[in-house]
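Enquirer: Mind looking over this structure? Questions follow.
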Amino acid sequence: MDIQQCRGRILIGKPGLDGHDRGAKIIARSLRDDGFEVIYTGIRRTPEEIALTAIQEDVDVVGLSVLSGAHNELFPEVLKALHQAKGGDIPVIGGGIIPEEDIQHLKELGMYEIFTSGTPVQTILNTFREATEKYRQRKHKII
Amino acid sequence: MNDIDEIVKGIYLKEPRAIGRAISIIEDGDQRAGALLKQINAKNIQESTILGITGPIGTGKSTIINQLIAHYRKQGNRVGIVAIDPSSPVSGGAFLGDRIRMMRHAMDKDVVVRSMATRGKQGGLCAAAAAAVRIMICSGCDPVIIETVGVGQAEIDVVRLADITILVLAPGVGDEIQMMKAGIIEIADIVVVNKAECPGADSLFMELENVLHQRNCTVCRVIAREAYGIEKLAVFIGVIDKERRKSGQFTNKRKQTRETEIIDYAIEMMRDELRRRLKEYPGNYTGDPRTIARKLIDDICIAELDTSKRNCPEVFL
Ligand SMILES: Nc1nc2c(ncn2[C@@H]2O[C@H](COP(=O)(O)OP(=O)(O)O)[C@@H](O)[C@H]2O)c(=O)[nH]1
Ligand SMILES: [Mg+2]
């Protein structure tokens, strides 16, 4: 067998208190089927736990799923925790039931992209691919 | 976090980012891998113990590791975990799910967890896993625990890296006969019957005792979910570790593992060269593959002889 290069390593995190991870699992499975190595944190994780896990696993992208409506608090908290853990350069993609007016704001705060429940899976996969490629170019650059 | 010196320094300083990045560099076969590996020669490598935990999917390996982490942390040890799951042969992707069971240690900086996919490579996986283990030891981890799904040769190879191998079975999960056929039971030092509260656990336990009593292999009952039997398991591990260090078996096994590791690296390095040469091969290499393989090797050896002749003519001429 040949040595395969993996497309990228992704952490799927579920911060906050909502216990619905069907969506997170569907995305995780789609990413795996697209050639990604996917690590899942399980439900009800704190932003700090997600950040430290992302660093330890040296992932290329963090994907967050929040269905409780607390995305305006939780997404920025994960960004901050990542920053504090010296992983502020890792792109973070968010998903959930998110009103249009919140999206722009969250992106301004540093989220790479935000998806809502209506987004086609292929669009999501393409964004993960793009974010991974960009990050990997930086990550593997020899200074 | 890209300069190798900085990463190496970070490993010794237990910086999570440096440790994570270092493992990726090795795993991805980055061109800096060699330079990195050269610099991480842990003096404490002999002092640290490597545990291999294997068995069918769903028997409770990750849950047991979660409890073992708690045990070793209570003793003040820093613990490393390399959790390996198979890559999908179709997409090349993988779902690395072991970590979910260990999240209660997520905030503990002295618990270093790395999930790895097999990426369809065999010797290569072994090399990457071995490097990950070494990096963790360098950062002060003792023990380092490797989790694999014990089904194929690749997994057996990985488990060989371990000083002590623990096979985890559970009633009604996986096929025990398959385990025995696969030879994994033969390399196990301890066999755990997990989910001991479930029906069928007692008969599985007795069956195993029957099979294993002529061999020096301990069987123990565990209910990982409730941490039942974990202390005892840790005691068994400690006893075996101490005995083997005293008898010299520990050092011998390490030496063997090292040899395997070196050969793995050599084969991986050779693979590219062989491929290159095969492409240049006259004709379209029909005929007996073994004969052609032999010729490929012979050609390399002759080329090698030629260069050495050039280097020291007085010996060869
Ligand atoms: N009944 C019972 N279930 C357990 C026990 N230990 C683990 N499990 C469950 O077995 C399933 C698989 O556990 P996991 O640790 O992921 O298994 P692995 O695939 O071998 O790593 C999970 O649902 C665990 O909660 C136990 O002692 N008793
Ligand atoms: Mg597991």
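Enquirer: The range A:1-83: which trypsin sites (Lys or Arg not before Pro) are DSSP loop and have at most 15 other beta-carbon atoms within 10 angstrom?
Expert: Here the sparse-neighbourhood loop sites are A:R44.
Enquirer: Give me, ordered by chain and number, the residues 5 or more places off A:G8 or on other chains with an amide H under 5 Å from its own placed amide H.
Expert: Residues meeting the amide H criterion: A:E37.
Enquirer: Which whole-number percent of Cα pairs in the range B:48-246 have a distance greater than 30 Å?
Expert: 14
Enquirer: While we're on this one: Which of B:K109/B:K253; B:K74/B:K246; B:K14/B:K242; A:K134/B:K38; A:K25/A:K80; B:K9/B:K43 have a Cα-Cα distance over 20 Å?
Expert: B:K109/B:K253; B:K74/B:K246; B:K14/B:K242; A:K134/B:K38; A:K25/A:K80
Enquirer: Using just the helices of the protein assembly as shown, give the 222 nm mean residue ellipticity in deg cm²/dmol: DSSP H runs with n ≥ 4 each add -39,500 (n - 2.57), and the total is spread over all residues, rounded to 500.
Expert: Calculated from helices alone, the mean residue ellipticity at 222 nm is -15500 deg cm²/dmol.
Enquirer: Let me check against my output: what whole-number percent is the relative contact order of chain B, with C-alpha pairs under 8 Å and at least 6 apart?
Expert: 19
Enquirer: Only Cα pairs under 8 Å and at least 6 apart count here; give the relative contact order of chain A as a rounded whole percent.
Expert: About 24 percent, as a whole number.
Enquirer: Take the Cα radius of gyration of the range B:1-40 and divide it by 2.2 N^0.38 Å, with N its residue count; two decimals is plenty.
Expert: 0.98
Enquirer: Take the alpha carbon atoms of the range A:40-143, find their radius of gyration, then divide it by 2.2 N^0.38 Å using N residues; give the quotient.
Expert: 1.04
Enquirer: I need the shape label for the protein assembly as shown. Rule: rounded when a/c is under 1.5, else prolate if a/b > b/c, else oblate, with a, b, c from the alpha carbon gyration tensor.
Expert: Verdict is oblate for the protein assembly as shown.
Enquirer: Please compute the average number of Cβ atoms from other chains found within 10 Å of each residue's Cβ in peptide A:57-65.
Expert: So the per-residue partner count for this stretch is 3.
Enquirer: Over the whole of B:105-113, what's the average partner chain Cβ count within 10 Å per residue? Rounded to a whole number, please.
Expert: Mean partner shielding for this stretch: 3.
Enquirer: Turning to a different aspect of this structure: Which residues' amide hydrogens lie under 5 Å from the amide hydrogen of B:I53, considering only partners 5 or more residues apart or on another chain, with H built in the peptide plane?
Expert: HN-HN under 5 Å from B:I53: B:I146, B:E147, B:T148, B:I166.
Enquirer: Quick one: putting +1 on the C-beta of Lys and Arg, -1 on the C-beta of Asp and Glu, what dipole do you get for the range B:1-40 around its Cα centre, in Debye to the nearest 20?
Expert: Using Cβ point charges on Lys, Arg, Asp and Glu, the range B:1-40 gives about 140 debye.
Enquirer: Hey, got the average number of other protein chain Cβ atoms within 10 angstrom for residues in B:18-24?
Expert: Neighbouring Cβ atoms belonging to other protein chains average 4 per residue here.
Quick note: the coordinates plus some simple rules give every number you see, no bench work behind them. Here the structure is a predicted model, which means the values were calculated and not measured. Because the Cβ atoms are built from the backbone with ideal geometry, glycine has one as well, and the counts that use them run over all protein chains shown.
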